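Please read the structure below before turning to the comments.
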Amino acid sequence: MASRLLWASRAASYLRISVFHRGFSTVLKDLKYADSHEWVKVEGNSATVGITDHAQDHLGDVVYVELPEVGATVMQGNSFGAVESVKATSDINAPVSGKVVEVNEELNSSPGLVNSSPYQNGWILKVEVTDSGELGKLMDSDRYSEFCEKEDAEH
């Protein structure tokens, strides 16, 4: 039995399918989360934004990331770009309002960083936050984990 399971999981990894549903995505403690599955890390009045592990897991292999221009203004809850995967294209919404001060140019040549490193190398943009009060509308890691579990249970 064990050898058959081992064979099945090896075959599955070779075929890039998962044998068992991965119930828990990685959720980092020191970040804030939007219900549209973006994360934000705030340091002073600077915020780094990306999509969550949960989001990239549901999207599948990311093949293109549409980035905004540096200097553009983003508004909390509004779309500023898109992530295109082999399955679908999804808008990326700003978890906070602000002015774009940097975009992750690496994603132009390596969009898969969103999959392999959603919280580190796969960040999407950095903004200068205009209203830190907006952070109160976002979820902490525990609330976001519960939100994802409920959402997955409904689908």
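Worth pointing out:
- Against the conditions (1) crowded, with 19+ Cβ neighbours inside 10 Å; (2) at pLDDT below 95, F80 satisfies every one except (2).
- Looking across segment 122-136, just one residue is farther than 16 Å from V74 by Cα and surrounded by fewer than 15 Cβ atoms within 10 Å (Cβ to Cβ), and that is G136.
- Residue check, S109 out of contact with any Pro (no Cβ under 8 Å at 6 or more places or on another chain), of a type in the set (S, T, Y), over 18 Å from L28 (Cβ atoms) and surrounded by 15 or more Cβ atoms within 10 Å (Cβ to Cβ): no
- The helices (runs of 4 or more DSSP H) falling completely within segment 89-155 that include 3 or more residues that are out of contact with any helix residue (DSSP H, G or I) (no Cβ under 9 Å at 6 or more places or on another chain) map to 141-154.
- Boolean, V42 is part of a strand (DSSP E or B) and touching a residue at least 40 places away in the same chain (Cβ under 8 Å): yes
- Cβ-Cβ under 7 Å pairs, at least 6 apart or on other chains, segment 71-87 side without any contact (Cβ under 8 Å) to a residue 12 or more places away in the chain and within 12 Å of S36 (Cα to Cα), far side of a type in the set (G, A, S) and surrounded by fewer than 15 Cβ atoms within 10 Å (Cβ to Cβ): none
The values are calculated or read from the model by the stated rules, or taken from the named source; none is laboratory data. All values derive from a computational prediction rather than experimental measurement. When we count neighbours, we look across all protein chains shown, and the Cβ atoms used for this are built from the backbone with ideal geometry, even at glycine.
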